[in-house]
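The values are calculated or read from the model by the stated rules, or taken from the named source; none is laboratory data. What you are looking at is a predicted structure, and each value in this text was computed from that prediction instead of being measured. Here the Cβ positions follow ideal geometry from the backbone for every residue, glycine too, while neighbour counts run over all protein chains shown.
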């Protein structure tokens, strides 16, 4: 009798696992062979358990026939290193002012520390990941930007935006079955000798458009987009481009770059952009391969979209929007 009592829960657990795998089938069919660009950042970058869970998610995507590309920043790590070296750092109009001295640290942390760590964690499951800098093979071309604060133009130093993308090097790695891990740095101009610090959300969006990606996924430190932050009941499950554009001016300052990047992506031809809570283990898989999802989905305007991800996800045809 004791053996039967012990066995029943095991059977139920096995059935639950099987049901979970079957639930993902429509999405696996829909997205097999497609490219996903995933921006990795926030708290997940400094928590070893979340780092490992993210690496597992990326490996899973690759092994089931999806082509993941990881783009990362490294704000917390850069701040920590600047403080350790005694290099002054400040934020102006929401951006980190980046002096030439600080830019050397940015490059060192992004390419020499974070990229290597991510590649190493992914490659524990097989030699599939490779580090690429935005400076490599003309991947990104940038230009300096300024910002406005209290009605005045603010100098940001070596902070820039992506103005051109040549995805040849990334496509080559994808075609070879590898996972590119891209750091968000760009040379200033096509032959520029100066490196620029690029917002990783914007870099991921630009790369997703250039690659013709099926999805852009941005990992962040909140549950998604909220209509009335911090009211947890105001989480927006799905929003189209027109609605999001109208909401942008009223959003919290920290969410504006992320949601603007999503808007740029879907307006640039990426069918779906997601904002996902990176503090949850395996959040990428939960958002993409479950009917309810966990974050916010941004789509093109509803005039050009189908009925919506929730109804499509339950369609017998398996044409799931998520």
(request) Mind counting the residues in region 263-280 that are in contact (Cβ under 8 Å) with a residue 60 or more places away in the chain and either within 11 Å of residue 222 (Cβ to Cβ) or in a helix (DSSP H, G or I) (or both)? (result) 4
(message) Suppose we filter region 104-150 for residues that are buried (at least 19 other Cβ atoms within 10 Å of the Cβ) and out of contact with any helix residue (DSSP H, G or I) (no Cβ under 8 Å at 6 or more places or on another chain); how many remain?
(response) 6
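Does residue 228 qualify as being touching a helix residue (DSSP H, G or I) at 6+ places or on another chain (Cβ under 9 Å), over 30 Å from residue 125 (Cα atoms) and assigned to a loop (DSSP other than H, G, I, E, B)? Give the steps one after another, and end with the answer.
On the way: touching a helix residue (DSSP H, G or I) at 6+ places or on another chain (Cβ under 9 Å): yes; over 30 Å from residue 125 (Cα atoms): yes; assigned to a loop (DSSP other than H, G, I, E, B): yes.
Considered against the rule, which asks whether it is touching a helix residue (DSSP H, G or I) at 6+ places or on another chain (Cβ under 9 Å), over 30 Å from residue 125 (Cα atoms) and assigned to a loop (DSSP other than H, G, I, E, B), residue 228 comes out as yes.
Residue-by-condition table, conditions (1) exposed (fewer than 15 other Cβ atoms within 10 Å of the Cβ); (2) within 27 Å of residue 289 (Cα to Cα); (3) at pLDDT 95 or above:
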{"site": "65", "(1), (2), (3)": "yes, yes, yes"}
{"site": "69", "(1), (2), (3)": "no, yes, yes"}
{"site": "73", "(1), (2), (3)": "no, yes, no"}
{"site": "78", "(1), (2), (3)": "no, no, no"}
{"site": "89", "(1), (2), (3)": "no, no, no"}
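State whether one or more residues within region 41-52 are touching a strand residue (DSSP E or B) at 6+ places or on another chain (Cβ under 8 Å), part of a helix (DSSP H, G or I), buried (at least 20 other Cβ atoms within 10 Å of the Cβ) and modelled with pLDDT of 90 or more.
Initially, region 41-52 is screened for residues touching a strand residue (DSSP E or B) at 6+ places or on another chain (Cβ under 8 Å), giving 41-42, 44-45.
Now drop any that are not part of a helix (DSSP H, G or I), which leaves 42, 44-45.
Then drop every residue that is not buried (at least 20 other Cβ atoms within 10 Å of the Cβ), which leaves 42, 44-45.
Okay, now just the ones that are also modelled with pLDDT of 90 or more, so none.
The answer is no, given that none of the residues of region 41-52 is touching a strand residue (DSSP E or B) at 6+ places or on another chain (Cβ under 8 Å), part of a helix (DSSP H, G or I), buried (at least 20 other Cβ atoms within 10 Å of the Cβ) and modelled with pLDDT of 90 or more.
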(message) Name the single residue that is surrounded by the most Cβ atoms within 10 Å (Cβ to Cβ) among those in region 237-262 being within 18 Å of the chain's Cα centre (by Cα) and not in a helix (DSSP H, G or I).
(response) 239
(request) For residue 166, state whether it is out of contact with any strand residue (DSSP E or B) (no Cβ under 7 Å at 6 or more places or on another chain), closer than 24 Å to residue 62 by Cα and in contact (Cβ under 8 Å) with a residue 24 or more places away in the chain. (result) yes
